[in-house]
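These notes are about the structure you will find just below.
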Amino acid sequence: MAEQLEFFAIPSPCQGICESNSRGFCRGCYRSREERFMWMTLSDNEKRKILRLCHQRHLRELRNKEKWPDIISQQPNLF
């Protein structure tokens, strides 16, 4: 399948909170270590896929907080 042309570069979702949670994902942007290190070499399709995964990870964390409301996050709203 042909890759869609982008008019604008897909920026890094980095929030400047570079700490890993217990599952190994960044607390700021929800990317894995490999996803963070490889970001500049990925195609736009791969970047979009990672952003979708980050959004899913963010939603999962929100659902878990509903179950455990006493956990306070330092995560600013990425989405």
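Nothing in this text is a laboratory measurement; each read-out follows from the coordinates by a stated rule. Since this is a predicted model, take the numbers as computed values, not measurements. Neighbour counts run over all protein chains shown; Cβ positions are idealised from the backbone, glycine included.
Structure values in brief
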read-out: Paired Rg and Dmax values of segment 18-69, which use every Cα atom, in angstrom; value: 12.0, 38
read-out: Normalised contact order of segment 17-65, rounded percent, pairs of Cα under 8 Å and 6 or more residues apart; value: 25
read-out: For G28, residues with placed amide H under 5 Å, excluding near neighbours; value: I17, E19
read-out: Karplus-derived HN-Hα couplings along segment 48-65 (A = 6.51, B = -1.76, C = 1.60, θ = phi - 60°), whole Hz, x at Gly and Pro; value: 4, 4, 5, 5, 5, 4, 4, 5, 5, 5, 4, 5, 4, 5, 4, 4, 5, 5
read-out: Where labels lie 7 Å past Cα in the beta-carbon direction, separation of R63 and Q15 in nm; value: 1.9
